[in-house]
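Trainee: Okay, handing you the structure first.
Derivation of every value follows stated rules applied to the coordinates shown; laboratory data play no part. As the structure is a prediction and not an experimental result, all values here were calculated from the model. Neighbour counts run over all protein chains shown; Cβ positions are idealised from the backbone, glycine included.
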Amino acid sequence: MRLFLRFLLILVTLSPWVTANAKGVDYYDVRYQAALKPETGMADVTITLSGDELPSKLTLHLKPARHHNIEGDGDIEMDGDKAIWTPKGKTSSIHYQFKIDKKKGSGHYDSRITDDWAILRTDKLIPPISTRAPQRLHSRATLEITTPKNWRSLAPYQKDEAGVFILKDDGRRFIRPKGWMIAGDLGSRQEFIDGTDTVVAGPRGKDIRRQDTLAFLNWTLPELKKVFPLFPDKLLIVMAPDPMWRGGLSGTRSLFIHSDRPLISGNRTSSLLHELIHVGTGIRGDKESDWIVEGIAEYYSLQTLRRTGGISERRYQETMEKLAAWGEESPDLLVKRSSGPITARAAVVMGEIDLYIQSASDGERSLDDVVTAMAADRGEITLDRFRKLAEEAAGSEVPQLDRTFLSGKKKP
Ligand SMILES: [Zn+2]
């Protein structure tokens, strides 16, 4: 009996090891460290790998305008915009400097450091990295942000007791941070909304409507999550005034939105809801399918307002009519980038597809079923995939998904 108990105890103690090896998985650690330096406008970045076995090669896909002074242990070879790193031993590091400021156009920044705060995307700070490693070798990763005194940092990840972000990226063997981050002298408000740990943050004293935004999310997010059940369990909303980009930009489990943007615009669309739907779907279009991504974001931002009683039926119809009139300026949806009139027409087409599916299925199905399925897959969406899902829901062909109609060459 004692022997059996001891055996059981050993088994329990070793159970993480047992589970890891039962699945044939071995781990190594990736430690990302970034020191934010307002005086140089740079982040000094170190990536350290440690473990009994490390990937034999890592390829960092750099942006030469932003990633500078690459050096480290082992062997580093530059090949155009790529740094090919062969780590050495059981612990090996690579360092570089990252230029934080970046303008998106019209003089506005989508990445910025000042003496009081910094706003940037961690998936730009740490570039895409491909690894050569055996299938069973997986990473565990953390992100440590060092800042000037009295700054705080926020990213859409849990922190450990030491304030280090514990990264996760389901389904990826090599984990790197993704999404927006903000650091500085911050004002932030946090609330759990329908199971999502939601934080709204911005530089302190900058007239940022954190409470209004949380109230708006309390009212709309539960409705939105009915269509996007896999909506992240952590959401960071970063807000800041000029000279930041004067619109919204979604990221992984996070978004940036200019603090001047109203929660609902005069035309009853909502940039905040639009970006939240991008966060919820996690899809991107191929060379002709951006209209699907943007059309869904715009249509569901309106639908969410309508379903929650934020706008009346009459106002909803008026907005759809206005979008239809605007969309006539740009009838071809099958282009690489959708904006302005293309997104307007895309939203109207989504509305027509929704009604078509509802009537073809006797009210059993709707576009909700299609977008829920797309959001579960995430990744790249194509017209073929969208058509297949829509036809499954309708139980028949969907005339609005005919190429000649979508390219504006044929009226329905
Ligand atoms: Zn969009």
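Trainee: In the range 150-275, what percentage of the DSSP-assigned beta bridges are antiparallel, given to the nearest 5? Before the final figure, lay out each step's value.
Mentor: Values: 17 of 27 bridges.
Approximately 65 percent, going by the DSSP bridge assignments.
Trainee: Would you mind classifying the range 262-321 by shape? Square roots of the alpha carbon gyration tensor eigenvalues, ordered a ≥ b ≥ c; an a/c under 1.5 is rounded, otherwise it is prolate if a/b is larger than b/c and oblate if not. Each step should come with its number before you reach the end.
Mentor: Values: a/c = 2.39, a/b = 1.81, b/c = 1.32.
The shape class here is prolate.
Trainee: Angle check, please: helix 341-360 long axis (alpha carbons) against the longest principal axis of the chain (alpha carbons), in degrees 0 to 90, nearest 10.
Mentor: The helix 341-360 is inclined about 80 degrees to the chain.
Trainee: Here is a follow-up. Compute the relative contact order of the range 27-184 as a whole-number percentage, counting only Cα pairs closer than 8 Å that sit 6 or more residues apart in sequence. Please report the intermediate quantities before stating the final value.
Mentor: Numbers: 368 pairs, mean separation 41.8, N = 158.
Reported relative contact order: 26 percent.
Trainee: Report relative contact order for the range 248-320 in percent, whole number only (criteria: Cα-Cα under 8 Å, sequence separation at least 6). List each step's numbers first, then the result.
Mentor: Details: 68 pairs, mean separation 20.0, N = 73.
So the answer I get is 27 percent.
Trainee: Just to confirm a number: summing +1 for Lys and Arg and -1 for Asp and Glu over residues other than Ser56 whose beta-carbon lies under 12 angstrom from that of Ser56, what do you get?
Mentor: Details: positive: Lys57, Lys88, Arg132; negative: Glu53, Asp75.
Residues near Ser56 contribute +1 overall.
Trainee: Would you mind checking the tilt of helix 383-394 against the longest principal axis of the Cα atoms of the chain, expressed as 0 to 90 degrees and rounded to 10?
Mentor: So the helix axis and the longest Cα principal axis differ by about 60 degrees.
Trainee: So what is the diffusion coefficient of the chain in µm² per second by Stokes-Einstein at 10 °C and 1.306 mPa s, using a Kirkwood Rh over Cα pairs? Let's see the in-between values first.
Mentor: Working: Rh = 23.5 Å.
Reported coefficient: 68 µm²/s.
Trainee: Can you give the net charge of the other residues whose Cβ lies under 15 Å from the Cβ of Gln211, counting K and R as +1 and D and E as -1? Working shown, then result.
Mentor: Numbers: positive: Arg189, Arg204, Lys206, Arg209, Arg210; negative: Glu191, Asp207, Asp212.
Here the charged neighbours net out to +2.
Trainee: As a quick test, which of the pairs Lys37/Lys124; Lys63/Lys168; Lys206/Lys234 have an alpha carbon distance above 20 angstrom in this structure?
Mentor: Details: Lys37/Lys124 16 Å; Lys63/Lys168 24 Å; Lys206/Lys234 24 Å.
Listed pairs above 20 Å: Lys63/Lys168; Lys206/Lys234.
Trainee: Quick check on the chain: of the DSSP beta bridges with both residues there, what percent are antiparallel, nearest 5%? Let's see the in-between values first.
Mentor: Numbers: 64 of 88 bridges.
For the chain, the DSSP antiparallel bridge percentage is about 75.
Trainee: While we're here: Among DSSP beta bridges whose residues both lie in the range 27-184, state the antiparallel percentage, nearest 5.
Mentor: Working: 52 of 61 bridges.
Taking every DSSP beta bridge with both residues in the range 27-184, the antiparallel ones total about 85 percent.
Trainee: Given the C-alpha centroids of the range 75-142 and the range 209-241, what is the distance between them in whole angstrom?
Mentor: 28
Trainee: Return the long-range amide H neighbours of Gly74 (sequence gap of 5 or more, or a different chain), with a cut-off of under 5 Å between placed amide H atoms.
Mentor: Distant-sequence amide H within range of Gly74: Lys88.
Trainee: Against the longest alpha carbon principal axis of the chain, how many degrees, from 0 to 90 and to the nearest 10, is the axis of helix 367-377 turned?
Mentor: In the chain, helix 367-377 runs at an angle near 20 degrees to the longest axis.
Trainee: Below 8 Å, C-alpha to C-alpha, sequence gap of six or more: please give me the relative contact order for the range 350-412 in percent. Don't skip to the answer; put the middle values down first.
Mentor: Working: 55 pairs, mean separation 20.8, N = 63.
It rounds to 33 percent for the range 350-412.
Trainee: Divide by every residue of the chain the summed helix terms, -39500 (n - 2.57) for each DSSP H run of at least 4, and state the resulting mean residue ellipticity at 222 nm, rounded to the nearest 500 deg cm²/dmol. Let's see the in-between values first.
Mentor: Numbers: 11 runs with 133 residues, N = 412.
One gets -10000 deg cm²/dmol as the mean residue ellipticity at 222 nm.
Trainee: Then there's this: What size of dipole, in debye to the nearest 20, comes out for the chain about its Cα centre when the only charges are +1 on Lys and Arg C-beta atoms and -1 on Asp and Glu C-beta atoms?
Mentor: 680
Trainee: May I ask which residue of Ser361, Leu389, Trp180 lies farthest towards the positive end of the charge dipole of the chain, with charges of +1 (Lys, Arg) and -1 (Asp, Glu) on Cβ and the Cα centre as origin?
Mentor: It is Trp180, whose Cα lies furthest towards the positive end.
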